[in-house]
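These notes are about the structure you will find just below.
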């Protein structure tokens, strides 16, 4: 047992040393434009396979009780840091690139958007974060202005143009987010595919909304009831986005410093939160998802009772309910993954204390 564990520990240390060595070799290659690129690609692939094999060996030794749980946790953490060293450094340029999706090809054509230098990738990530910060504030302010003007100036019946201007801005916003997230994903970010597809659905919804005549007489106020609910929901989403950008990003930077996350990872959904932050954010997220579903059901009820019979109303209702259910499922899924991981760490810690 001791000899096997010692051998495994030496292999892990060797792998960590090789990861650092490869990082230095990659930086030298980019600086000198040498002809060693193919050789380094092969070494990266070999070491990546070694890291995966060592992680499987650790799990196997732990199941067979040939490895102390505390030592197992230590070795897994070192392997994770070694992996992050490779993925977060210039070595990442020599990993196989992810295929570009249809959305990118449709907008910009078959152009390779993967940056070959890490500083360029990180610069694009910072630009994405800045874009989220700016749009989150507008997401809160824009619908608030419309609701205030609706009460003070428009007597409960909003004209078409301001609302359509808002919907056009939403189309620009969601298209920009989807485009940036696709590029980040190609460059190694961990963005969940659902959140990108969620933005696709939002793009379609805002595009269709531009064709809907929201000002109708004699029941203009009644017809715009669902528009009012949507604007109130949008304000809540703006608040949630501001909280995510502030609190969760701070935690993400801490995880990156500890080697538990990659520098290209970004805040999405409810990820990167700790217990106190999730206690604040999760209720807000679930309330948002419930409000989104409520607006969708309200639109469907309005359409089926023949109060408002436009096809856009049915389309909005179905799409909003679908998006709300998808957001809820993936939020719960991520929270379950977090809870299982924490339970696993607690079990490993309690076993170590008992031994």
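Please treat every number below as a calculation from the coordinates, not as lab data. Source: prediction; values computed, not measured. Here Cβ is always computed from backbone atoms with ideal geometry, including for glycine, and neighbour counts include all displayed protein chains.
If you plug the beta carbon distance of residue 74 and residue 332 into 1/(1 + (r/R0)^6) with R0 = 56 Å, you get a FRET efficiency near 0.95. With a simple spin-label model that places each label point 7 Å from the Cα along the Cα-to-Cβ direction, the separation between residue 46 and residue 339 comes to 4.5 nm.
Remark: the residue 20-residue 220 segment gains 65.4 nm on full extension, using 0.36 nm per residue and subtracting the alpha carbon distance. Measuring how big the range 151-210 is from its alpha-carbon positions, Rg and Dmax come out at 15.4, 50 Å. Give the shape of the range 83-160 as rounded, prolate or oblate, defined through the alpha-carbon gyration tensor: a ≥ b ≥ c are the square roots of its eigenvalues, a/c under 1.5 means rounded, and otherwise the shape is prolate if a/b is larger than b/c and oblate if not. Because a/c hits 1.5 or more and a/b exceeds b/c, the range 83-160 counts as prolate.
The length gained by stretching the chain between residue 134 and residue 7 to full extension, at 0.36 nm per residue less their Cα-Cα distance, is 40.5 nm.
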